[in-house]
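Written below as structure tokens is the structure these notes are about.
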Amino acid sequence: MAADFNYHGDVVVFDLDDTLFRERDYCRSGFRVIERRLLSEVGESFAGIAAGMDRILTARGNYFDMLQQRLEAIGRADMMPLLVGDYRSHIAENLQMAEGVAPLLDALASRGVVMAIVTDGRSSTQRAKIKSLGLDRYVHPDNIVISEESGSDKSVADNFSRIVDRYPEARRFYYVADNERKDFMMPNLLGWITCRVAYDDDNVHPDFQAEDPLCSPSLRLQSIASLLDLI
Ligand SMILES: [Mg+2]
């Protein structure tokens, strides 16, 4: 990954899930993929399984446990790896950016601001989301860092440092993310400006405000669009 010594502007790095889009939309889309396969390969008894998994998601339960139990009940637990694979590799239908994200990315792009994504997750899953959302129009392929591909996650500085190494002359680095449990410690240690976005209702990971200043964001944004006021 070649370094760009000529870029002197800001670099805005985004988390993916529940920052650029609503993770629950992706989950629901995956539940429908699972239901379709079960309806065609097992039978009508699985009609409505997607809605059932969605209810468990809303209650913050483990929807794959429920699926496993339903399959065990009919002696088809062997289908579990296939269905989980379907879920993780599916290209979500009609995945939309969260409110305010598209105009923000358009505005940053028009100002020539470099953007990047640092996300924890499986390569196939995260790549499929990025493709479905059309984020590759805004973010250079070398600026997309996914934990399964890089071999390290947000608990260490490596994935963030890769972005710094790529833009060694940049003015400031921002990390925009939603989860105070794990998103902000490393960029804080690197001296980045960390910004938390929160959507009103049912984030997949419940709202949590870190008490440790090391884990707290520099700023809690009223809306993701307000990022434009900073840059
Ligand atoms: Mg997130």
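The share of Cα pairs per 5 Å bin across region 61-138, counted from zero up to the longest distance, runs 3, 13, 17, 17, 15, 12, 8, 6, 5, 3, 1, 0 percent. For region 124-135, the Karplus equation 6.51 cos²θ - 1.76 cosθ + 1.60, evaluated at θ = phi - 60°, returns couplings of 4, 5, 5, 4, 5, 5, 4, 5, 4, 7, x, 6 Hz by residue, with Gly and Pro reported as x. Per-residue extension of 0.36 nm, minus the Cα-Cα distance of residue 211 and residue 91, leaves a gain of 39.5 nm for this segment. Calculate how many DSSP beta bridges within the chain are antiparallel, expressed in % of all such bridges and rounded to the nearest 5. Roughly 5 percent of the DSSP beta bridges within the chain come out antiparallel.
One decimal place: the segment residue 165-residue 45 gains 37.8 nm when fully extended, by the rule 0.36 nm per residue minus the C-alpha distance. Note on the chain: Cα-Cα pairs beyond 21 Å make up 58% of the total pair count. Look at the alpha carbon pairs under 8 Å that are at least 6 residues apart: their mean separation over the length of the chain gives a relative contact order of 28 percent.
Scoring 144-153, 12-21, 121-130 by mean Cβ neighbours within 10 Å over their residues and listing the highest first yields 12-21, 121-130, 144-153. Put simply, the Cα atoms of region 24-89 extend 28, 21, 20 Å along their principal axes, the longest span coming first. Here r is the Cβ-Cβ distance between residue 99 and residue 55 and R0 is 22 Å; the resulting FRET efficiency, rounded to 0.05, is 0.35. For residue 148 and residue 73, the difference between the fully extended length at 0.36 nm per residue and the C-alpha to C-alpha distance is 23.7 nm.
Each value in this text was obtained by applying a stated rule to the coordinates, not by laboratory testing. Predicted model only: the values in this text are computed from it and were never measured. Virtual Cβ from ideal backbone geometry, glycine too; neighbours counted across all protein chains shown.
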